[in-house]
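Asker: Have a look at this one.
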Amino acid sequence: MVRAVTARESPAISAPVAGLLGVLATAVAVGVGHLLSGFVQPDSSPVLAVGNTFVDLTPGWLKDFAINTFGRNDKNALLTSIALVMLLLAVASGLLSRRTRRPGMIIIGLFGLLGFGAVVGRPDFQPTWLLPPIAAITVGLGSFAWLHGLASAAAADRTAGTSGPSRRAFLRSSVAVAVAAGGTGFGGQLLSQRSNATASRDAVARMLPRPPSPLVPLGADFAADGTPGYFTPNNQFYRIDTALTVPRIQADKWQMTVHGMVQRQLTVGFNDLLRRDLVTRPITLTCVSNEVNGPLISTAVFTGVELAPLLREAGPRPGADQLLSTSVDGWTAGTPLDVLLEPGRGALLAVAMNGEPLPAEHGYPVRMVVPGLYGFVSATKWLTDLELTTFAARRAYWLDRGWARTAPIKTQSRIDRPRGFQVVPAGSFTAAGIAWAQPHGIEGVEVRLDDGPWRPATLSTEVTGNTWRMWRADLRVAPGSHFISCRATDRRGRRQPDEPTPPVPDGAQGWPVINFTAR
Ligand SMILES: Nc1nc2c(c(=O)[nH]1)N[C@H]1C(S)=C(S)[C@@H](COP(=O)(O)O)O[C@H]1N2
Ligand SMILES: [Mo]
């Protein structure tokens, strides 16, 4: 018998069933979108596109808050929030549709359009990316309508006292949709991880000249006393960027254009880069968001091509004062051109880090690194475009979010041992830490226990002004609570100031202080 269920006469679907069907329809829509994006490109996943758009629209203060609160988990925190909002909307789409399916269809449709809009709005959008959001909307609406029909029929039968077959039909279909949601979501995850980028990175490893293995220069760190090692292993190197999903680029498809205020426009591929002279240079990268005593600083030996000669080949036209570098995901940095062309500055288009091709998280296949400048004005990862322009004409990503235009790294130091509120044995104790003032280098570090006199610390072997330098100091501590501070002086003779300044707009400064107890 064919049953015509009209809105008016149909009995309401029970609340739990309604909520469940909203969640199932949303889940299978997200899963299908994710699976197809695995074939097309990870960034075409509607959910991830919404997340990425959200990151770009977030005001600077909120982003700083997220970085400081969630640290390296800021991206997971965002993805979890998105998942929670989606879950709420999914439940609501079901609950509002207990009698007629229209409200749920509208919510799911609007949500789908949001994902669609976010995908279309990505800076690196390509037409094939339309596939995942369109499929997600179609599957979401289709499965909602289908499950809603079955649930309504079951509700009607229950009121009529003839429940049974229709209820089982709904249950069977729900299980099928749940399995489809899980399967497609999981499949999408596998696909995006398997991505071709891994194979490409292996190929690049074979193309690189055997880079000198990054041997730690003798005496360059006091790791035994609690400082970091002189070189930071790639998997421990701090990571800061706005990319919710790491861009996956294949080196053989990579191209970069140097254009704008130039005599001749240049286009270089990855092989063109490798044909130029490769240089290897230890550099300490520092993030402007780093708080006093913060962790956002690491050192690697970078291998790459000198940037200055490439810029001179293009021939900057008079008046150009900014190099605007753009990453494949649309992020931009604005670097003062005079700094890049300074003799001896040594800015690189880096292709390798600690003897390996750049890890995907750190900009594979090509990134910029400029000794002495904070990352947000210089260290563009997943580089794809260099435009010579003026600061007046083009504004880089963080400039409109409250950060400074010029951002030379400030002379700073950090205490690594003791850690805050650590309890140490009374008697002799060795404090240790790091100091940095790229590109000038560190001349001295002084340490003070409680209100005592400032005493010079012992410094590690100086490798280059472009990297951090470690310090250590032997102290005698009586039982009780203490505080210790330190201050660095750079090779220009400038001492790091006492007054604390926040990271915004151009980097934190101030003497670090650590409270600890001796027992
Ligand atoms: N494409 C891209 N490059 C970027 C960023 C970004 O958000 N996107 N962040 C910059 C910032 S703020 C810093 S401090 C450095 C950090 O580089 P790392 O993640 O390799 O340590 O990358 C810079 N390059
Ligand atoms: Mo940064």
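The values are calculated or read from the model by the stated rules, or taken from the named source; none is laboratory data. These numbers were taken from a predicted model, which means no experiment stands behind them. Cβ: placed from backbone, ideal geometry, glycine included. Neighbour counts: every protein chain shown. To get the accessible areas, we keep the full protein, side chains included, count just its heavy atoms, and leave off ligands, DNA and RNA. Shrake-Rupley method; radii C 1.70, N 1.55, O 1.52, S 1.80 Å.
One line per residue, one yes/no per condition, for (1) touching a Lys or Arg at 6+ places or on another chain (Cβ under 8 Å); (2) more than 16 Å from ligand 2 (Cβ to nearest atom); (3) small (G, A, S):
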site: A320; (1), (2), (3): no, yes, yes
site: G330; (1), (2), (3): yes, yes, yes
site: A333; (1), (2), (3): no, no, yes
site: R345; (1), (2), (3): no, yes, no
site: V351; (1), (2), (3): no, yes, no
site: N354; (1), (2), (3): no, yes, no
site: Y364; (1), (2), (3): yes, yes, no
site: F376; (1), (2), (3): no, no, no
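Asker: Still on this structure: Does R417 satisfy the condition of being open to solvent by 10 Å² or more (accessible area, probe 1.4 Å), in contact (Cβ under 8 Å) with a residue 60 or more places away in the chain and more than 27 Å from Q236 (Cβ to Cβ)?
Answerer: Here the answer is no, as R417 does not meet what is asked.
Asker: Let me ask something else about it. What number of residues in region 365-386 are part of a loop (DSSP other than H, G, I, E, B), near ligand 1 (Cβ under 8 Å from one of its atoms) and closer than 18 Å to A407 by Cβ?
Answerer: Selection size over region 365-386: 5.
Asker: Same structure, new question: Under 6 Å between Cβ atoms, at least 6 apart or on separate chains: pull out the pairs that start in region 221-240 with a residue that is of a type in the set (D, E, K, R) and outside any loop (DSSP other than H, G, I, E, B) and end on any residue that is open to solvent by less than 60 Å² (accessible area, probe 1.4 Å) and away from ligand 1 (no atom under 16 Å from the Cβ).
Answerer: D225/T430; D225/A432
Table: residues versus (1) open to solvent by 20 Å² or more (accessible area, probe 1.4 Å); (2) away from ligand 1 (no atom under 16 Å from the Cβ).
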{"site": "G294", "(1), (2)": "no, no"}
{"site": "F302", "(1), (2)": "no, no"}
{"site": "E313", "(1), (2)": "yes, yes"}
{"site": "G330", "(1), (2)": "yes, no"}
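Asker: Among the numbered criteria (1) in a helix (DSSP H, G or I); (2) free of Cβ contacts under 8 Å to residues at least 24 places away in the same chain, which single criterion is violated by P132?
Answerer: Here P132 meets the rest and fails (2).
Asker: Just the residues that are under 19 Å from the mean Cα position of the chain (by Cα) and of a type in the set (V, I, T), please, taken from region 236-260.
Answerer: I240, T242, T245, V246, I249 - these are the residues of region 236-260 that are under 19 Å from the mean Cα position of the chain (by Cα) and of a type in the set (V, I, T).
Asker: Say we look at region 274-292 and pick out the residues that are hydroxyl-bearing (S, T, Y) and either under 19 Å from R345 (Cβ atoms) or open to solvent by 40 Å² or more (accessible area, probe 1.4 Å) (or both); which of these is nearest to the chain's Cα centre (by Cα)?
Answerer: This residue is T286.
Asker: Shifting gears a bit: Only one residue in R491, R487, R495 is surrounded by 14 or more Cβ atoms within 10 Å (Cβ to Cβ) and within 18 Å of A432 (Cα to Cα), so which one is that?
Answerer: Going through R491, R487, R495 in turn, just one is surrounded by 14 or more Cβ atoms within 10 Å (Cβ to Cβ) and within 18 Å of A432 (Cα to Cα): R487.
Asker: Moving on. Just to be sure before I move on: is F483 in contact with a Leu (Cβ under 9 Å, 6 or more places away or on another chain) and aromatic (F, W, Y) in the structure I sent?
Answerer: Spelling it out, F483 is indeed in contact with a Leu (Cβ under 9 Å, 6 or more places away or on another chain) and aromatic (F, W, Y).
Asker: Give the number of residues within region 403-413 that are within 18 Å of C486 (Cβ to Cβ) and either hydroxyl-bearing (S, T, Y) or open to solvent by 20 Å² or more (accessible area, probe 1.4 Å) (or both).
Answerer: Qualifying residue count, region 403-413: 3.
Asker: Here is a follow-up. So which residues in region 259-287 are touching a Ser or Thr at 6+ places or on another chain (Cβ under 6 Å), among the β-branched types (V, I, T) and at pLDDT 95 or above?
Answerer: Once the filter is applied, which keeps residues that are touching a Ser or Thr at 6+ places or on another chain (Cβ under 6 Å), among the β-branched types (V, I, T) and at pLDDT 95 or above, region 259-287 yields T267, T284.
Asker: Taking only region 342-359 into account, find how many residues are within 11 Å of ligand 1 (Cβ to nearest atom) and surrounded by fewer than 20 Cβ atoms within 10 Å (Cβ to Cβ).
Answerer: 1
Asker: Identify all residues within region 314-345 that are touching a strand residue (DSSP E or B) at 6+ places or on another chain (Cβ under 6 Å) and on the phi > 0 side of the Ramachandran plot; write none if there are none.
Answerer: G315
Asker: Separate question: With the checklist (1) surrounded by fewer than 21 Cβ atoms within 10 Å (Cβ to Cβ); (2) within 16 Å of ligand 2 (Cβ to nearest atom); (3) within 18 Å of I409 (Cβ to Cβ) in hand, flag the one item T242 doesn't pass.
Answerer: The number of the failed condition is (3).
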